[in-house]
Each structure stands twice: as structure tokens, then as C-alpha cells.
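Worksheet: the structure to be examined is printed underneath.
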């Protein structure tokens, strides 16, 4: 069993490479036992932040406290943290057993204790039959399991994962996601996982930290991030297919904002007018499940089908509205809709989001 993390936080952490800021006064509380995912585009600073926690990069400002102990001035080996790298970082000339034992021997752990830890980790990750092999004799998925086992045998207070699934094929990536989720449940350990893949974040995280342009955009559970995005960036980055974004203007209110689209169609949202800024022009955000295909004569919006994606359990329908805006709607799996067909779109206003000129998000009240 991994050690339980207590009292951990990052406070005002900053990092620069020369004159280029990479992390800008970032603060974060880490909850014991959680699976925390740093999610963001390439170059946003998420991997640098992970390396700062691990001690592989220094910090220029702020402090890092892990398990009640300030660690930002400590060398990596003194932080009681284990990191799993994207490239596995296994010693090619050593057997799997020796790769797992190497760090423990350097730490002065007794040989019988090393053996017990290795056997326990090998059984947990189903790699017992691989212990005598060398990394070059293993598949990518097997090497990733070995890298994770090497982290487990250290019994750290915190596990760090730096895009560990990016080198795996799609099927193996999906399987390994499930195995990582199961491992987290079994160990009860605190884990921080870096990825640019929002599917990995949504399926693994207890909480997601969305990072963009050196700063945190939003922290929340996967469904909080999805249903109530704090910013237009978060709404665009999280969710497949990408959220539909349409310029609109406020045209009325019955307590909830009524908006008019460029083609003159109106949509009644569930967003309280009292929460909105005094701006005439906003951006309407609608996810595909809030747009359903209906009869062309009865829909809230009208358009022409351009592309149909049949996914089995549902159908994604790409529709050009009358003024030309292209949006994606959802229909049932056995949809009969065809390219070129005139359709209507039924809008669920309670699922609508509005974003102001600065990108801040406004949503319907949670019942």
C-alpha cells in the first residue's frame, strides 16, 4: 500500500526559461488520495509543472509543500516521489527485476524487503513472468507496466505520470487507462497525471486542472469542467465533438437570456440575465447533445446537412445554418438523415452556455 498524502500544496509557483515565462504564480491544493490530472495543449506548461514537483526543474518563485514538508529546495531523491515518464526510462542492459530493484538498492533497502516489494508489484501488474527479461524483449505496453511497477516499489507519498500513454496504440491506451484507474483504487494513492488528451482526463481524473498559457483556467471534477466550463477555452478544449460556438446578441429576457443568432433565429437559454455582463454581443456555446435533429418545419433552428457521421450508438450531423454557420448536432444511432437534406434543430436552452468578450462563461442555474 502506498503512503497516504497529507497537507500538500503549490503556492505562487513561477518558472522562466531565460526571458520566457512558463508558469506564472500558480497555486493549487492537492487532496489526499485523489487522481489529479493536468490537462492542456502542448506548450501550456503542464509537464514543466510536473517536473518542478519532481525536482527535475527548479522553481523561480513560490513554494511546494508535499505531505506537510516543503520540498522545493530538496533534490529529487529526497522528495519521496515516484515519476513515470513518457519514454519509460528503463535501463536496457538490466533485467526487469534489476530495473525494479536498482533505486531501492541505492536507497539502502534490505534485500529481502526489496524482494517482497518486487514480487508484490509484479503480481499486481501481472508482469511476474517478465522479471528475467530485458526491456528490449518487451512490448510497449509491457515496458509501461514495468515503469509503473518501478514507481510502486518505492512506496512514495505521490505518484507523477508524464503523458505515460502517448506511445501506446489506441486499443492498448484504452486498456491501460482502465488499469491505471484500477491501480489508483487499489493503492489509495495520490497521483498527478499530465496529458493533452481530454478523453484520458475525463476518464481518469478525480479532479482536472485545465492549464492554458501558463495559468490555471479551471479546477473541477470531470463533469463540472464539462457542464460548467469557466471559460470559452475550457469549453472548447474539453468535449468531443468540440462545442458549437456561435456569435449572438441579447434580444430579450424573461429572467433568462433570449439570444438572436446571425440568421435572425432566436434561442431561449437558461442563463439568468442578472448574471450576465452589460454586453450586447456574446458567444453562444451549445454541445451536440443540446442540439437534436427534428423536422425542418418545427425546429428552433434550420439548416442543411453537410456531413453525417454514423457512430453506432449515435449519429453526429454537421449542419450549415441558413446564414452559413456550420454546427454539429446529435441524432439517434439509426438516424435516416442524409447529406443535402433540409433539417430543423431542437435546442435545449438549459444546456446553453454564454461567453463574454473576455471568454468568461455563464450557465443555467443548477437545479
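Since every read-out is calculated from the coordinates, none of them should be taken as a lab result. Model, not experiment: these values are computed from the prediction. Methodologically, a virtual Cβ is constructed for each residue, glycine included, from the backbone with ideal geometry; neighbour enumeration extends over all protein chains shown.
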With the label point 7 Å along the Cα-to-beta-carbon line of residue 318 and a cut-off under 15 Å to each amide N, the hits in segment 327-351 are 327-330, 338-341
Show me the ranking of peptides 82-94, 282-294, 351-363 by mean Cβ neighbours inside 10 Å, starting with the highest. 282-294, 351-363, 82-94
DSSP bridge pairs, the chain: antiparallel proportion in percent, nearest 5: 75
With Rh as the Kirkwood radius over Cα pairs, segment 244-363 has Rg/Rh of 0.99
Gained length - residue 61 relative to residue 197, 0.36 nm times residue gap less alpha-carbon distance: 46.1 nm
Fewest-first ranking of 250, 225, using other Cβ atoms within 10 Å as the exposure measure: 250, 225
Check: C-alpha center segment 216-282 vs C-alpha center segment 59-126, spacing in Å is 45
How long are the semi-axes of the equivalent ellipsoid of segment 8-237, defined as square roots of 5 times the Cα gyration tensor eigenvalues? Whole Å, largest first. 30, 21, 16
Relative contact order of the chain, pairs being alpha-carbon contacts under 8 Å that are 6 or more residues apart, as %: 16
Based on Cα coordinates alone, diagonalise the gyration tensor for segment 85-199, multiply each eigenvalue by 5, take square roots, and list the semi-axes in whole Å, largest first. 22, 17, 13
Any idea what angle helix 140-153 forms with the longest principal axis of the chain, computed on alpha-carbon atoms, 0 to 90 degrees, nearest 10? 60
Provide the three semi-axes, in whole Å and in decreasing order, of the ellipsoid equivalent to segment 169-229 as defined by the square roots of 5 times the Cα gyration tensor eigenvalues. 21, 14, 11
Work out how much length residue 223 to residue 175 would gain on full extension: take 0.36 nm times their residue separation and subtract the Cα-Cα distance, in nm to one decimal. 15.1 nm
Could you tell me the largest-minus-smallest coordinate of the C-alpha atoms of segment 238-309 on each of the three principal axes, in descending order and whole angstroms? 39, 32, 18
Rh (Kirkwood; distinct C-alpha pairs) - segment 154-313, Å: 18.9
Stretched fully, the stretch from residue 107 through residue 336 gains (0.36 nm per residue minus C-alpha distance, one decimal, in nm) 75.9 nm
Counting just the Cα atoms, what span does segment 88-155 cover along each of its three principal axes? Round to the nearest Å and put the largest first. 30, 23, 18
